[in-house]
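Single-structure report; data block below.
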Amino acid sequence: MNLVLADVQQDALDKTVAEMQAAGAQVLAMKVDVSKADQVEALGAATLERFGAPHFVFNNAGVGAGGLVWENTAKDWEWVIGVNLMGVAHGVRVFTPMMLAAAKADPAYQGHIVNTASMAGLLNAPNMGIYNVSKHAVVAMSETLYQDLALVTDQISASVLCPFFVPTGISQSHRNRPAEFTAADEKPTQSQLIGQAMSDKAVGSGKVTAAEVAQKVFDAIAANKFYIYSHPKAIGSVQTRLEDVLQARNPTDPFAHKPELGVELRKALRA
């Protein structure tokens, strides 16, 4: 197996490389900030030189920044949109053409692109506006990618992964926030502190592991499914949102199923 790995965090990258090499994989690893177009382009060039066009591409990088939407700074927006949206866009832009070229050259070639969005790309929970915006955009990009690929080839397709709360490092993504997006005197607002605490609790208590989600992804690729969910039971909230849209009714209270959470959040924010 040939494997290309990219991560902004060197220690995590080194650990994964060691694990994959021990399992017998040939590995190309690069430290990459996916928000930087030139770094993703360099990754693509190195991939093509070492292994040729990839068969699977997983655009999976993501960061989070919570808080009331008007309290987020321009730097917050630049950081989150840069990683969550432009990181996926760069991956699609760099790797899709080489996959299409491989498909044209070899009728037996098959490829698949998976973009990681979130259930936040299908819902709009309060106090996490930037994240919602970025993930809705990834869903839109992925749906368009699926349709665009279907116009030009039967050999390559795409999926979008919409995980719910999975215990990963996403709630601590600020550990990798570049200095260029951080002001020395900037302090988190009350809403951001509350959002961070809620995110830590929700992510930390997740019962579905990252490994289980990965298996769901490969199962979906094999079945050529576009929408991939880590928590299918969460789809009920998506249905409610779509019914709101279709019936032109005001957005349903996101805490209707657990009103005590809404009471707690409103009380904290209005204190």
Exercise for review: Six or more apart or on different chains, Cβ under 7 Å: which pairs go from a residue in the stretch 46-68 that's within 14 Å of VAL94 (Cβ to Cβ) to one that's crowded, with 16+ Cβ neighbours inside 10 Å and of a type in the set (Phe, Trp, Tyr)? Could you list them?
Suggested key: PRO54/PHE95; VAL57/PHE95
Point to revise | Members of the stretch 97-113 that are buried (at least 23 other Cβ atoms within 10 Å of the Cβ) and either under 16 Å from the mean Cα position of the chain (by Cα) or of a type in the set (Asp, Glu) (or both) | key: ILE113
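Is at least one residue of the stretch 211-222 more than 18 Å from the chain's Cα centre (by Cα), more than 29 Å from PHE56 (Cα to Cα) and either touching a residue at least 60 places away in the same chain (Cβ under 8 Å) or outside any loop (DSSP other than H, G, I, E, B) (or both)?
Quick first cut of the stretch 211-222, residues more than 18 Å from the chain's Cα centre (by Cα) only: 219, 222.
Okay, now just the ones that are also more than 29 Å from PHE56 (Cα to Cα), so none.
Looking through the stretch 211-222, none of the residues is more than 18 Å from the chain's Cα centre (by Cα), more than 29 Å from PHE56 (Cα to Cα) and either touching a residue at least 60 places away in the same chain (Cβ under 8 Å) or outside any loop (DSSP other than H, G, I, E, B) (or both).
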Exercise for review: Those residues that are of a type in the set (D, E, K, R), in contact with a helix residue (DSSP H, G or I) (Cβ under 9 Å, 6 or more places away or on another chain) and surrounded by 12 or more Cβ atoms within 10 Å (Cβ to Cβ), I need them from the stretch 218-263; list them, please.
Suggested key: LYS225
**Study point:** In the stretch 6-44, the residues that are among the hydrophobic types (A, V, I, L, M, F, W, C), under 16 Å from GLY62 (Cβ atoms) and in contact with a helix residue (DSSP H, G or I) (Cβ under 8 Å, 6 or more places away or on another chain)
**Key:** ALA6, VAL8, VAL32, VAL34, VAL40
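Scan the stretch 34-58 for residues that are among the charged types (D, E, K, R), closer than 18 Å to ASN176 by Cα and touching a strand residue (DSSP E or B) at 6+ places or on another chain (Cβ under 9 Å) and jot them down. Full working, then the answer.
Residues of the stretch 34-58 that are among the charged types (D, E, K, R), as a first pass: 36, 38, 41, 49-50.
Going one step further and asking which of them are closer than 18 Å to ASN176 by Cα, we end up with 36.
Listed by number, the list is empty, since nothing qualifies.
Taking the stated definitions as given, is THR153 among the β-branched types (Val, Ile, Thr), surrounded by fewer than 18 Cβ atoms within 10 Å (Cβ to Cβ), farther than 26 Å from GLU41 by Cβ and in contact (Cβ under 8 Å) with a residue 40 or more places away in the chain? I'd like the intermediate steps shown before the answer.
On the way: among the β-branched types (Val, Ile, Thr): yes; surrounded by fewer than 18 Cβ atoms within 10 Å (Cβ to Cβ): yes; farther than 26 Å from GLU41 by Cβ: no; in contact (Cβ under 8 Å) with a residue 40 or more places away in the chain: yes.
So THR153 fails the test.
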**Study point:** Contacts under 8 angstrom Cβ, first residue in the stretch 116-145 being among the charged types (D, E, K, R), partner outside any helix (DSSP H, G or I) and surrounded by fewer than 20 Cβ atoms within 10 Å (Cβ to Cβ), 6 or more apart
**Key:** GLU143/PHE226
Review point. Identify, please: which residue in the stretch 30-88 is among the charged types (D, E, K, R), more than 24 Å from MET1 (Cβ to Cβ) and outside any loop (DSSP other than H, G, I, E, B) and is, among those, farthest from the chain's Cα centre (by Cα)?
Key: GLU71
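Condition test on GLY66, is it buried (at least 19 other Cβ atoms within 10 Å of the Cβ) and of a type outside the set (A, V, I, L, M)? Reasoning before the result, please.
Values: buried (at least 19 other Cβ atoms within 10 Å of the Cβ): yes; of a type outside the set (A, V, I, L, M): yes.
Judged against the criteria, GLY66 is a match.
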Review point. Among the candidates VAL92, VAL138, VAL83, which residue alone is buried (at least 19 other Cβ atoms within 10 Å of the Cβ), among the β-branched types (Val, Ile, Thr), closer than 28 Å to VAL245 by Cα and out of contact with any Cys (no Cβ under 8 Å at 6 or more places or on another chain)?
Key: VAL138
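Every number here is computed from the coordinates shown, using simple stated rules; none is lab data. Owing to the predicted nature of the structure, the values given are computational and were not obtained by experimental measurement. Reconstructed Cβ throughout: ideal geometry from the backbone, glycine too, with neighbour counts over all protein chains shown.
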